[in-house]
Amino acid sequence: MYQTEINGKHYELGTSGFLYRSNKLMYDHETQSFWSTLKGEPVVGELVGKAISLERRYCVTTTWGDWKRQHPKTKVLSLETGHRRNYGEGVAYNAYFGTDKLMFTVPGKDSRLLNKAEVVALRDDKQQLAISADFLLKHPVYSDVLGDDKFVVLTNSAGANRVYRSAGITFRTWDGVSVATDSDGQKWRVAEDQLSSGSKSLDRMPSHRGFWFGWQAQYPETRLVK
(Lines give C-alpha, C1' and ligand atoms only; values in the text may rest on other atoms or scores of the structure.)
Protein backbone atom coordinates (compact mmCIF):
# COMPACT_ATOMS: atom_id res chain seq x y z
CA MET A 1 0.00 0.00 0.00
CA TYR A 2 1.27 3.46 -0.92
CA GLN A 3 0.35 7.11 -0.53
CA THR A 4 0.03 8.22 -4.15
CA GLU A 5 0.35 12.00 -3.68
CA ILE A 6 3.84 13.55 -3.63
CA ASN A 7 4.30 17.32 -3.25
CA GLY A 8 0.72 17.93 -4.33
CA LYS A 9 1.00 15.67 -7.38
CA HIS A 10 -1.31 12.63 -7.49
CA TYR A 11 -0.24 9.55 -9.43
CA GLU A 12 -3.18 7.44 -10.55
CA LEU A 13 -1.93 3.88 -10.82
CA GLY A 14 -3.22 0.71 -12.42
CA THR A 15 -2.05 -2.85 -13.11
CA SER A 16 -0.04 -3.04 -16.31
CA GLY A 17 -0.21 -6.80 -16.84
CA PHE A 18 3.58 -6.90 -17.12
CA LEU A 19 5.88 -8.58 -14.62
CA TYR A 20 9.40 -8.02 -13.31
CA ARG A 21 10.92 -10.98 -11.48
CA SER A 22 7.42 -12.45 -11.29
CA ASN A 23 6.06 -9.34 -9.55
CA LYS A 24 3.42 -7.15 -11.14
CA LEU A 25 4.37 -3.76 -12.52
CA MET A 26 2.01 -0.86 -11.98
CA TYR A 27 1.62 2.01 -14.46
CA ASP A 28 0.54 5.61 -14.04
CA HIS A 29 -2.26 6.82 -16.27
CA GLU A 30 -0.61 10.11 -17.24
CA THR A 31 2.78 8.99 -18.58
CA GLN A 32 2.31 5.20 -18.93
CA SER A 33 5.54 4.71 -16.97
CA PHE A 34 5.91 1.35 -15.25
CA TRP A 35 6.31 1.27 -11.47
CA SER A 36 7.72 -1.44 -9.21
CA THR A 37 5.02 -2.79 -6.92
CA LEU A 38 7.52 -3.64 -4.18
CA LYS A 39 9.60 -0.46 -4.41
CA GLY A 40 6.89 2.08 -5.16
CA GLU A 41 9.13 3.72 -7.74
CA PRO A 42 9.01 4.15 -11.55
CA VAL A 43 11.35 1.71 -13.28
CA VAL A 44 10.54 2.16 -16.99
CA GLY A 45 9.47 5.35 -18.79
CA GLU A 46 9.86 9.09 -18.55
CA LEU A 47 9.50 9.25 -14.75
CA VAL A 48 12.63 7.15 -14.14
CA GLY A 49 15.47 9.14 -12.56
CA LYS A 50 13.24 11.92 -11.21
CA ALA A 51 13.62 10.87 -7.55
CA ILE A 52 9.99 9.83 -7.26
CA SER A 53 9.26 7.34 -4.49
CA LEU A 54 5.82 6.72 -3.05
CA GLU A 55 5.42 6.81 0.72
CA ARG A 56 4.77 3.30 2.04
CA ARG A 57 1.72 2.69 4.22
CA TYR A 58 0.68 -0.23 6.37
CA CYS A 59 -1.94 -2.83 5.54
CA VAL A 60 -3.14 -6.08 7.07
CA THR A 61 -4.13 -9.42 5.56
CA THR A 62 -6.91 -11.10 7.53
CA THR A 63 -10.28 -12.81 7.25
CA TRP A 64 -13.51 -10.93 6.68
CA GLY A 65 -14.91 -12.32 9.95
CA ASP A 66 -11.91 -11.11 11.95
CA TRP A 67 -12.04 -7.64 10.40
CA LYS A 68 -15.80 -7.29 10.79
CA ARG A 69 -15.67 -8.15 14.49
CA GLN A 70 -13.23 -5.31 15.06
CA HIS A 71 -14.71 -2.86 12.55
CA PRO A 72 -18.45 -3.64 12.27
CA LYS A 73 -19.25 -0.45 10.33
CA THR A 74 -16.82 -1.24 7.50
CA LYS A 75 -18.08 -0.58 3.97
CA VAL A 76 -17.43 -3.37 1.48
CA LEU A 77 -17.17 -3.29 -2.30
CA SER A 78 -20.15 -5.03 -3.86
CA LEU A 79 -19.65 -8.15 -5.97
CA GLU A 80 -22.53 -6.95 -8.15
CA THR A 81 -20.27 -5.22 -10.66
CA GLY A 82 -22.39 -5.62 -13.78
CA HIS A 83 -19.81 -7.98 -15.26
CA ARG A 84 -20.30 -11.73 -15.68
CA ARG A 85 -17.42 -12.95 -13.54
CA ASN A 86 -17.17 -15.46 -10.72
CA TYR A 87 -15.76 -13.57 -7.74
CA GLY A 88 -15.87 -16.60 -5.45
CA GLU A 89 -12.96 -17.15 -3.09
CA GLY A 90 -10.13 -19.05 -4.78
CA VAL A 91 -11.77 -19.12 -8.22
CA ALA A 92 -9.09 -17.13 -10.06
CA TYR A 93 -5.64 -18.72 -9.72
CA ASN A 94 -6.89 -21.56 -7.53
CA ALA A 95 -4.69 -24.06 -9.38
CA TYR A 96 -1.69 -21.72 -9.07
CA PHE A 97 -2.09 -21.27 -5.33
CA GLY A 98 -2.60 -25.01 -4.89
CA THR A 99 1.00 -25.80 -5.81
CA ASP A 100 4.42 -24.43 -4.91
CA LYS A 101 5.40 -24.24 -8.58
CA LEU A 102 5.95 -20.81 -10.16
CA MET A 103 4.25 -19.64 -13.32
CA PHE A 104 7.16 -17.42 -14.40
CA THR A 105 10.89 -17.52 -13.86
CA VAL A 106 12.81 -15.60 -11.21
CA PRO A 107 16.58 -14.93 -11.01
CA GLY A 108 17.05 -17.36 -8.14
CA LYS A 109 15.19 -19.27 -5.46
CA ASP A 110 15.90 -19.52 -1.74
CA SER A 111 14.96 -22.89 -0.28
CA ARG A 112 14.87 -21.70 3.32
CA LEU A 113 11.11 -21.38 2.81
CA LEU A 114 8.71 -22.78 0.24
CA ASN A 115 8.30 -20.47 -2.76
CA LYS A 116 4.77 -19.43 -1.82
CA ALA A 117 5.24 -19.39 1.92
CA GLU A 118 3.86 -16.09 3.16
CA VAL A 119 6.07 -13.58 4.91
CA VAL A 120 5.58 -10.22 6.57
CA ALA A 121 7.86 -7.89 4.62
CA LEU A 122 9.52 -4.74 6.00
CA ARG A 123 12.21 -2.46 4.64
CA ASP A 124 13.95 0.84 5.10
CA ASP A 125 16.36 2.66 2.78
CA LYS A 126 19.17 0.17 3.42
CA GLN A 127 17.78 -3.10 4.76
CA GLN A 128 14.98 -5.57 4.18
CA LEU A 129 13.42 -8.12 6.48
CA ALA A 130 11.05 -11.03 5.88
CA ILE A 131 9.38 -12.81 8.80
CA SER A 132 7.62 -16.11 8.21
CA ALA A 133 3.87 -15.82 8.75
CA ASP A 134 3.86 -19.34 10.21
CA PHE A 135 6.57 -18.30 12.68
CA LEU A 136 4.52 -15.28 13.76
CA LEU A 137 1.41 -17.40 14.26
CA LYS A 138 3.42 -19.39 16.82
CA HIS A 139 4.86 -16.20 18.35
CA PRO A 140 1.93 -13.75 18.60
CA VAL A 141 4.14 -11.14 20.26
CA TYR A 142 7.46 -10.85 18.42
CA SER A 143 10.06 -8.09 18.79
CA ASP A 144 12.91 -7.25 16.41
CA VAL A 145 14.93 -4.37 14.95
CA LEU A 146 15.17 -2.93 11.43
CA GLY A 147 17.78 -0.21 11.07
CA ASP A 148 16.99 2.42 13.72
CA ASP A 149 13.50 1.08 14.35
CA LYS A 150 12.73 -1.28 17.19
CA PHE A 151 9.34 -2.85 16.61
CA VAL A 152 6.84 -5.43 17.78
CA VAL A 153 4.62 -7.63 15.61
CA LEU A 154 1.23 -8.56 17.07
CA THR A 155 -0.46 -11.55 15.44
CA ASN A 156 -3.96 -12.76 16.32
CA SER A 157 -5.59 -16.16 15.93
CA ALA A 158 -6.80 -15.28 12.41
CA GLY A 159 -3.15 -14.80 11.38
CA ALA A 160 -3.42 -11.02 11.00
CA ASN A 161 -0.05 -9.32 11.55
CA ARG A 162 0.30 -5.70 12.66
CA VAL A 163 3.72 -4.08 13.14
CA TYR A 164 4.26 -1.19 15.57
CA ARG A 165 7.33 0.79 16.57
CA SER A 166 8.17 -0.20 20.13
CA ALA A 167 10.71 2.50 21.07
CA GLY A 168 12.55 -0.07 23.16
CA ILE A 169 9.46 -1.06 25.18
CA THR A 170 9.22 -4.82 25.65
CA PHE A 171 5.77 -6.26 25.10
CA ARG A 172 4.96 -9.59 26.75
CA THR A 173 1.36 -10.46 25.95
CA TRP A 174 -1.77 -9.28 24.20
CA ASP A 175 -5.35 -10.48 24.18
CA GLY A 176 -5.50 -10.90 20.39
CA VAL A 177 -8.04 -8.11 20.07
CA SER A 178 -7.44 -4.73 21.67
CA VAL A 179 -5.04 -4.78 24.64
CA ALA A 180 -1.28 -5.47 24.78
CA THR A 181 0.75 -5.58 28.00
CA ASP A 182 4.38 -4.57 28.35
CA SER A 183 7.04 -5.94 30.70
CA ASP A 184 6.10 -3.39 33.39
CA GLY A 185 2.48 -4.53 33.35
CA GLN A 186 1.31 -1.38 31.57
CA LYS A 187 -1.70 -1.84 29.27
CA TRP A 188 -1.68 -0.51 25.72
CA ARG A 189 -4.70 -0.08 23.47
CA VAL A 190 -4.19 -1.77 20.10
CA ALA A 191 -5.64 0.23 17.19
CA GLU A 192 -5.03 0.10 13.45
CA ASP A 193 -2.82 3.19 13.46
CA GLN A 194 -1.02 2.94 16.79
CA LEU A 195 -0.55 1.50 20.25
CA SER A 196 -1.54 3.96 22.96
CA SER A 197 -1.34 4.17 26.75
CA GLY A 198 -2.37 7.42 28.39
CA SER A 199 -0.45 10.22 26.67
CA LYS A 200 2.03 7.81 25.06
CA SER A 201 1.64 6.34 21.59
CA LEU A 202 3.61 4.09 19.24
CA ASP A 203 2.96 4.37 15.49
CA ARG A 204 2.21 1.55 13.09
CA MET A 205 5.07 0.67 10.69
CA PRO A 206 4.72 0.05 6.94
CA SER A 207 4.57 -3.68 6.22
CA HIS A 208 2.69 -6.13 4.06
CA ARG A 209 2.18 -9.85 3.52
CA GLY A 210 3.68 -11.40 0.41
CA PHE A 211 5.11 -14.58 -1.09
CA TRP A 212 8.65 -15.47 -0.08
CA PHE A 213 9.79 -16.05 -3.67
CA GLY A 214 8.62 -12.61 -4.82
CA TRP A 215 10.17 -10.66 -1.95
CA GLN A 216 13.43 -12.62 -2.16
CA ALA A 217 13.62 -12.14 -5.95
CA GLN A 218 13.39 -8.36 -5.50
CA TYR A 219 15.58 -8.22 -2.39
CA PRO A 220 17.98 -11.23 -2.43
CA GLU A 221 19.95 -9.80 0.51
CA THR A 222 16.88 -9.71 2.76
CA ARG A 223 17.19 -11.04 6.29
CA LEU A 224 14.81 -13.89 7.07
CA VAL A 225 13.25 -14.88 10.37
CA LYS A 226 11.53 -18.26 10.38
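The values are calculated or read from the model by the stated rules, or taken from the named source; none is laboratory data. Quick caveat: nothing in here was measured; it's all calculated off a predicted structure. All Cβ positions, even for glycine, are placed from backbone atoms using ideal geometry, and neighbour counts span all protein chains on display.
Would you call ASN156 surrounded by 17 or more Cβ atoms within 10 Å (Cβ to Cβ) and over 23 Å from TRP67 (Cβ atoms)?
On the way: surrounded by 17 or more Cβ atoms within 10 Å (Cβ to Cβ): yes; over 23 Å from TRP67 (Cβ atoms): no.
When the stated conditions are applied, ASN156 does not pass them.
If GLY98 passes every condition in (1) on the phi < 0 side of the Ramachandran plot; (2) at pLDDT 90 or above but one, which one does it miss?
The one condition GLY98 does not meet is (2).
Identify, by number, the condition in (1) out of contact with any Lys or Arg (no Cβ under 8 Å at 6 or more places or on another chain); (2) over 30 Å from THR99 (Cα atoms); (3) at pLDDT 95 or above that ASN156 doesn't meet.
In the conditions (1) out of contact with any Lys or Arg (no Cβ under 8 Å at 6 or more places or on another chain); (2) over 30 Å from THR99 (Cα atoms); (3) at pLDDT 95 or above, ASN156 misses (2) alone.
Testing THR99 on (1) polar (S, T, N, Q); (2) in contact (Cβ under 8 Å) with a residue 40 or more places away in the chain; (3) assigned by TED's automatic domain parsing to the domain that holds ASP134, one condition comes back false. Which one is that?
The one condition THR99 does not meet is (2).
Specify the residue that is surrounded by the most Cβ atoms within 10 Å (Cβ to Cβ); the eligible residues are those in the range 6-31 that are more than 26 Å from ASP110 (Cβ to Cβ) and among the small types (Gly, Ala, Ser).
Ranking the qualifying residues of the range 6-31, first place goes to SER16.
Considering only residues that are touching a strand residue (DSSP E or B) at 6+ places or on another chain (Cβ under 8 Å) and part of a loop (DSSP other than H, G, I, E, B), which ones fall in the range 112-126?
Step one: filter the range 112-126 for residues touching a strand residue (DSSP E or B) at 6+ places or on another chain (Cβ under 8 Å), giving 112-113, 115-124.
ARG112, LEU113, ASN115, LYS116, ALA117, ASP124, listed by residue number.
Within the group ASP175, ASP144, which residue is of a type in the set (D, E, K, R) and without any contact (Cβ under 8 Å) to a residue 12 or more places away in the chain?
Details: ASP144 fails: without any contact (Cβ under 8 Å) to a residue 12 or more places away in the chain.
Matching residue, one of ASP175, ASP144: ASP175.
With the requirement that a residue be touching a helix residue (DSSP H, G or I) at 6+ places or on another chain (Cβ under 9 Å) and closer than 19 Å to ALA191 by Cβ, what does the range 28-61 give you?
Answer for the range 28-61, where residues must be touching a helix residue (DSSP H, G or I) at 6+ places or on another chain (Cβ under 9 Å) and closer than 19 Å to ALA191 by Cβ: VAL60, THR61.
May I ask you to say which residue of ASP175, ASP182, ASP149 is within 18 Å of the chain's Cα centre (by Cα) and surrounded by fewer than 20 Cβ atoms within 10 Å (Cβ to Cβ)? Reasoning before the result, please.
Details: ASP175 fails: within 18 Å of the chain's Cα centre (by Cα); ASP182 fails: within 18 Å of the chain's Cα centre (by Cα).
None of the others qualify; the one that does is ASP149.
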